[in-house]
Amino acid sequence: MQTPRKSARCSIRVAAGASAAALGIAMLCTTPAVAQTVNLRFHTHVPPVAGSFKSMAWWAKKVEKDSGGKVKITMYGSMQLGGKPPDLYDQVRTGVVDLIFTLPGYTAGLFPVTSAFELPFIGASTPVASAAINAFVTKWGKKEWSQVHPIVFHSAGPGVIHMKEHRLEKLEDFKGLKIRTPSRLSTAALKSLGAVPVPIPSLKVTEALMRNVVDGAVLPWSIALAIRTIDVGKYHVEATLHEPTLAVLMNKNSYAKLPPDLKKVFDANSGEWLALEFGRRWAKDDLRGQGKAKKLGHEIIVISSAEEARWRKASQPVYDAWIKEMNGKGLPGRQMIDDAEQLVAKYRAIEAKRKK
């Protein structure tokens, strides 16, 4: 039988132990849960060595930083996750991946409104065209992009016509020339100018030129530099014949599941300012390609405004067909083209003011 003193000491010990246990449980319950990192997969056809991939990687790092480390974006270039470039839209739409960088033109006919800026000679410098495209698609293209969450639309550089042997300067020079075409509207434009359009994937363009499968190819300077088309062509014709539209898109559910603070991060890294930024970065990459052509002693032909007006007049049937297509969808085709041209004028003035 314990003495009263011993019993008291034991009670104190038990009480102390119980208090410590209770304190431990309380601390465990009140310790804030560690926020889980949101891991997102970004897929694109562009190889990691390309300037545009590096721009996407810059954007991803900015989102990660602005999220305070709560978002982690893993980049996959060159279709590393499988499929072909035209599959990218379905991959992000269905949630196979969270984000993509792609050309809407890869899925011909699926995004007719967005194709407006691929009409011949409607474009401008890359930053100007990028901001105008983003504003245009935001206004007119909501329905055709309703199954995904758009981050930004922007422009690739103007499609320079890289010619191997033939000097191309006048409308008449197009007659019978086989020229690689990158899109449906570019194909229509080249036909209207008298050329023979030949669809070839960009990665096979240089080989096609070397083997005389085509006489020339439509490619932005930066892409022509990356795949060494510049090395093969002797004449490089600068005209806004074709200016591809590019898009960064997010899966709708991937965006919807984000907490409000992270949605704000993505919203802040979307839209007009990002279109301008991507456009300016692309323009810098294009200058590197142009510089390579100069270093090689090639001739860079800048089409005069008067001659370009002739080219645009000859390609009017392409506009007429596009307007008819839009009207058939219940959209005001003519008004949309006017709006596109007004947006180009607006952002051209903004860029000119910025450079002063």
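Every read-out reported here was derived from the displayed coordinates using simple, explicitly stated rules and does not represent laboratory data. Keep in mind it's a predicted model, so treat the numbers as computed, not measured. Positions of Cβ are generated from backbone atoms using ideal geometry, with glycine treated the same way; all protein chains shown enter the neighbour counts.
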| remark: So the FRET efficiency between GLU272 and ALA57, C-beta based with R0 = 30 Å and rounded to 0.05, is 0.90
| query | Between VAL49 and LYS324, 0.36 nm times their residue separation minus their Cα-Cα distance comes to what? | reply | 94.9 nm
| said: Between ILE300 and GLN342, what is the label-point separation in nm under the 7 Å Cα-to-beta-carbon projection? | reply: 3.4
| query | When DSSP assigns beta bridges and you keep just the ones with both residues in the stretch 146-239, what percent turn out antiparallel, to the nearest 5? | reply | 55
| Amide H to amide H under 5 Å from VAL71: which residues, 5+ apart in sequence or cross-chain, H placed 1.01 Å off N in plane? | VAL38
| For ILE303, ILE230, ILE223, ILE350, order by how many other beta-carbon atoms lie within 10 Å, fewest first | ILE350, ILE303, ILE230, ILE223
| For the stretch 102-199, which chymotrypsin sites (Phe, Trp or Tyr not before Pro) are both in a DSSP coil and crowded by at most 14 other Cβ atoms within 10 Å? | none
| task | Treat each spin label as a single point 7 Å out from the Cα along the C-beta direction, and report the GLN316 to ARG93 distance in nm. | result | 3.7
| Percent RCO, i.e. relative contact order, over the stretch 151-249, from Cα pairs under 8 Å lying at least 6 residues apart | 50
| query | For the chain, what is the percent of antiparallel DSSP beta bridges, rounded to the nearest 5? | reply | 45
| Stokes-Einstein diffusion coefficient of the chain, Kirkwood radius over Cα pairs, 25 °C, 0.890 mPa s, in µm²/s | 108
| request: Treating the angle as unsigned and between 0 and 90°, give the value, to the nearest 10°, between the Cα long axis of helix 272-295 and the longest Cα principal axis of the chain. | output: 50
| remark: Counting Lys and Arg as +1 and Asp and Glu as -1 over every other residue whose Cβ sits under 15 Å from the Cβ of GLY328, the net charge comes to +1
